[in-house]
């Protein structure tokens, strides 16, 4: 007779216990996935808001963005064909305060009305320290020339058909037409070529394409002081 003890078969765990453990592992995995998704969402939100332009509401009640390049940065150089029939460069205004006005162009009548209003308010514009105004849009130079003549405008309007300069200024980020056209942006470039003030009015949700001159100049005056 053998003295070796017969091995007992391993005890089978109840199906209920196995099912409970499986459910616990499934819940733990689901929680880990949810936590990971939340972390990713927070990272995305941080990236969006940390790169979004600052929003300003002036004492005049006008809301506007401040894009990039912003205040204190060197204004990108340019030379573009103008409605005057000449080539105009930013360097032509060295030693002056020049207000760059990026606008949507021929499809935006309020943009041209803005220019008319500014020309009619030349004394007020000069009083806040602006020596000259130059407008930039993406329409062809010949059509811009015809438009300025039809409206009797003397402000030089520059043609940037491929948006090369507009992109350098980030001015095509603030309009109703996506990035295919400029919005309604103003930048004051100082005598040394440094940006002294910037306001991008054309962005969402309002898509403002006309700013009353008094409000515009009040924003400029407040921005330069600050």
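Summary table
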quantity	calculated
Pick from the range 195-205, criterion crowded, with 17+ Cβ neighbours inside 10 Å and either assigned to a strand (DSSP E or B) or without any contact (Cβ under 8 Å) to a residue 24 or more places away in the chain (or both), ranking: nearest to the chain's Cα centre (by Cα)	200
Inter-residue pairs, beta-carbon under 7 Å, first not assigned by TED's automatic domain parsing to the domain that holds residue 196 and in the range 98-114, second part of a loop (DSSP other than H, G, I, E, B), 6+ apart	none
Looking only at the range 150-171, and only at residues there that are touching a residue at least 60 places away in the same chain (Cβ under 8 Å) and assigned to a helix (DSSP H, G or I), the one that is nearest to the chain's Cα centre (by Cα)	171
Residue 80 being under 14 Å from residue 184 (Cα atoms), in the same structural domain as residue 174 (by TED's automatic domain parsing), outside any helix (DSSP H, G or I) and modelled with pLDDT of 95 or more	no
The listed residue being out of contact with any helix residue (DSSP H, G or I) (no Cβ under 8 Å at 6 or more places or on another chain), in a loop (DSSP other than H, G, I, E, B) and closer than 25 Å to residue 119 by Cβ, out of 85, 95, 72	95
Pick from the range 107-136, criterion part of a loop (DSSP other than H, G, I, E, B) and in contact with a helix residue (DSSP H, G or I) (Cβ under 6 Å, 6 or more places away or on another chain), ranking: nearest to residue 195 (Cα to Cα)	128
Those residues of the range 130-144 which are surrounded by 13 or more Cβ atoms within 10 Å (Cβ to Cβ) and out of contact with any strand residue (DSSP E or B) (no Cβ under 8 Å at 6 or more places or on another chain), in sequence order	143
Residues within the range 158-194 that are more than 15 Å from residue 69 (Cα to Cα), touching a strand residue (DSSP E or B) at 6+ places or on another chain (Cβ under 7 Å) and surrounded by fewer than 24 Cβ atoms within 10 Å (Cβ to Cβ), tallied	1
Subset of the range 174-194 that is in a strand (DSSP E or B) and within 16 Å of the chain's Cα centre (by Cα) - its residue that is farthest from residue 111 (Cα to Cα)	187
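The values are calculated or read from the model by the stated rules, or taken from the named source; none is laboratory data. Note that the structure is predicted; figures quoted are calculated from it, not measured. Because the Cβ atoms are built from the backbone with ideal geometry, glycine has one as well, and the counts that use them run over all protein chains shown.
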